Amino acid sequence: MKHLFLVIGLLLLTGCAGGRTTRVGTSDGRQSLMHRGTERTYVVRIPSSLPAGRVPLVIVLHGGGGNAFIAERMTGFTAKANREGFIVVYPDGSGRRGTSLLTWNARHCCGYAMENDVDDVGFIRALIDRLVADGRVDASRVYVTGMSNGGMLSHRLGSELSDRIAAIAPVVGGVFGDEPLPARPVPALMINALQDRMIPYEGGLTAGRFGDAWDGTPLKAVLEQGTYWARSNRCEGSPAAQDHGRFTTYTHRCPPGSAVRIYVVNDMGHAWPGGQPGTRRADKPSDAINAADVIWSFFREHHR
């Protein structure tokens, strides 16, 4: 019964190396690869018209309780990839019910993936290597974004895969305060919401009934994400705040190529700004900014 309540709660949270790697197809259009003896799945979108040579790759991670197709619908990144000429991939997390109600292992959250210590870092590393080996992805321009639990994993991937990832952009995610510093600087853009009860602006545990999805470790306050990446990227001083009316930006003073910036949307809860809600009961996205536009603008400025 505990797990029944957990998966229901995670659905609302969405607002919804080891080993030889092989790849096969699935009946619903997903691709799959075997990682550490487990079949992992993902959806790749390649625009019909791409620039010559190798192109950027954007990895989009769904929220807790979601899946690849929900992430695609919520974020609008496929349309963005078609317009801008890059490849986008939507990986699936793991769970007990096939390709529904999936989670990511962000150390202290969430659900099945956390409880079973699923090797999501190794899976994403293998996925990047596979897509680069396919011949169209520029290994120096691989980016990661994600929502909620996917935002938490974006932070973890930036920390542990700095040799693969050129920049990250967690949306309504957070850090726990015990993340190791990456081996090299990683530019980071964060988008959070002032009215978010799932990922509270002040930090702490989720303000709802779904604490079972976490291990009890509280999140740091939203702006502490910037502090973590500023320390990693050797930035100086406190961030400069700029009030834009419906949102505020906090920009750290960092060396070239190591930018750290946070957007805080004032009129939104737990949602992907400029996108679609995950379910009818989910928080409504704000139109103060379009997260896909803001994120891609940030990504295109950086490469490893």
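Coordinate-derived values only; no laboratory data. As the structure is a computational prediction, the values presented were derived from the model and not from experiment. Using ideal geometry, Cβ is built from the backbone for each residue, glycine included, and neighbour counts are taken over all protein chains shown.
Annotation: the antiparallel percentage among DSSP beta bridges lying fully within segment 2-299 is about 55.
Restricting to DSSP H runs of at least four residues, report the calculated mean residue ellipticity at 222 nm for the chain, -39500 (n - 2.57) per run over all residues, nearest 500 deg cm²/dmol.
Working: 8 runs with 77 residues, N = 304.
Computed mean residue ellipticity for the chain: -7500 deg cm²/dmol.
Between the amide H of Gly269 and those of Lys284, distances stay under 5 Å, these residues lying 5 or more places away or on another chain, with hydrogens modeled in the peptide plane.
Sorting 181-190, 128-137 by average packing, meaning the other beta carbons within 10 Å per residue, from highest down gives 181-190, 128-137. Summarising the amide proton neighbourhood of Tyr201: residues at separation of 5 or more, or on other chains, whose placed amide H is nearer than 5 Å comprise Asp196. For segment 269-277, 3J(HN,Hα) computed residue by residue from phi via the Karplus equation (6.51, -1.76, 1.60; θ = phi - 60°) reads x, 8, 7, 9, x, x, x, 10, x Hz, glycine and proline entered as x. Backbone geometry of segment 168-173 corresponds, through the Karplus equation with coefficients 6.51, -1.76 and 1.60 at θ = phi - 60°, to 3J(HN,Hα) couplings of 10, 8, x, 10, 6, x Hz, x marking Gly and Pro. Placing +1 on the Cβ of every Lys and Arg and -1 on the Cβ of every Asp and Glu, with no other charges, gives the chain a dipole of roughly 560 debye about its Cα centre.
Within segment 37-176, the percentage of alpha carbon pairs spaced more than 25 angstrom apart rounds to 19%. Maximal additional length on extending the Gln195-Arg54 stretch stands at 46.7 nm, based on 0.36 nm per residue less the C-alpha distance.
Just one of [x] 17.6, 53; [y] 20.4, 63; [z] 19.0, 58 is Rg and Dmax of the Cα atoms in Å calculated from these coordinates, so which is it? The calculated read-out lines up with [x].
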